[in-house]
Amino acid sequence: MPVSRDRVATGRVHRIGGQDAYLPLLAMNCQVVRTKNFVADAANLIVDLAHKTLAERKEFRIALSGGNTPRPVYFELARVGHDLPWDRILITFGDERCVPPDDEQSNFRMARESLFVPARVPEKSIMRMRGEIDPQMAAQEYQDHIDLLATQRGEQIYQHDLILLGLGDDGHTASLFPDTSALDENVRRVVANFVPKLNVWRLTFTFPLINHARQIFFLVNATKQRKLIQAVLDGDPKYPASRVNSAAGEVTWILGQSS
Ligand code: 6PG
């Protein structure tokens, strides 16, 4: 698996006021995996972590990301992960569009077609966000489910073993878009977030839940702008994705390289 890994230096030298200034990266303890085999390597990294976690904890808790980038990765995951005990894997969603589950915009539908059906994932392993009902009610319902899982496991906040995230062209991740109210949520784990520029409601995990995960994988294929990715890695606060920082574990950027 020809990938290059480098740990992002914990800071960069910038010229400020003619002086060299050392700017620590804003708490993003992460590694960057650059690969020309994005789909295969991303799927293999997920499967490796699943097997390792199942061996240690008998359960693997993963949150899926939406959009277009993960679809081929999920197909590959279903293929290379065919021997995974899917009945011991608990699948949640990091965000969802407020549409019915069979809508082409639905992240659930995308995951069902590319992973759940090909891998024969049992229904009991899937926790869907109900995008078809009132957004506030859907967010509260999903948070109650997540909180129940935490209580059943003696945890304050449900700790995912892995959260998959994407990167939008405006630096959003999950459905945490720039200049939206969910960015400032410090208590609730799941909220309904109105996105004025799309004129839609979205359901989304908040930073308290995301940053509580043991591992976070950003899946970013070669179509994403390098400048944006570097700005996020440098902790540019105008990009919501730069506020992702796994307090308990690690953030891994899996970056597709075209050439
Ligand atoms: C969603 C996602 C969102 C996505 C980015 C990137 O529901 O849209 O969860 O955060 O990851 O928008 O989307 P693409 O992969 O389609 O570029």
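Each value in this text was obtained by applying a stated rule to the coordinates, not by laboratory testing. Just so you know, these numbers come straight off a predicted model, no measurement behind them. A quick note on method: Cβ atoms are made from the backbone with ideal geometry, for glycine too, and the neighbour counts reach across all protein chains shown.
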*Please specify each residue of segment 94-123 satisfying the condition of being in a helix (DSSP H, G or I) and either in contact with a His (Cβ under 8 Å, 6 or more places away or on another chain) or not hydroxyl-bearing (Ser, Thr, Tyr) (or both).*
ASN107, PHE108, ARG109, MET110, ALA111, ARG112, GLU113, LEU115, PHE116, GLU123
*Filtering segment 131-188 down to residues that are among the aliphatic types (A, V, I, L, M) and assigned to a loop (DSSP other than H, G, I, E, B), which residue is surrounded by the fewest Cβ atoms within 10 Å (Cβ to Cβ)?*
VAL187
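Taking segment 207-257, which residues are part of a strand (DSSP E or B), over 12 Å from the mean Cα position of the chain (by Cα) and closer than 15 Å to ASP161 by Cα? Spell out the reasoning first.
Here is the first cut: in segment 207-257, the residues part of a strand (DSSP E or B) are 215-220, 250-256.
Filter again for over 12 Å from the mean Cα position of the chain (by Cα), leaving 250, 255-256.
Hit for segment 207-257 is GLU250, nothing else.
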*Hey, among the residues in segment 148-193 that are within 16 Å of the ligand (Cβ to nearest atom), hydroxyl-bearing (Ser, Thr, Tyr) and in contact (Cβ under 8 Å) with a residue 24 or more places away in the chain, which one's nearest to GLU96 (Cα to Cα)?*
SER175
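Taking segment 69-100, which residues are within 14 Å of the ligand (Cβ to nearest atom), more than 17 Å from the chain's Cα centre (by Cα) and closer than 16 Å to ARG112 by Cβ?
VAL99
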*Residues satisfying the stated conditions in segment 201-224, i.e. away from the ligand (no atom under 11 Å from the Cβ) and out of contact with any His (no Cβ under 9 Å at 6 or more places or on another chain)*: TRP201, THR206, PHE207, PRO208, ASN211, PHE217, ALA222
*(1) in contact with a Ser or Thr (Cβ under 8 Å, 6 or more places away or on another chain); (2) exposed (fewer than 15 other Cβ atoms within 10 Å of the Cβ): which one isn't true of ILE89, the others all being true?*
(2)
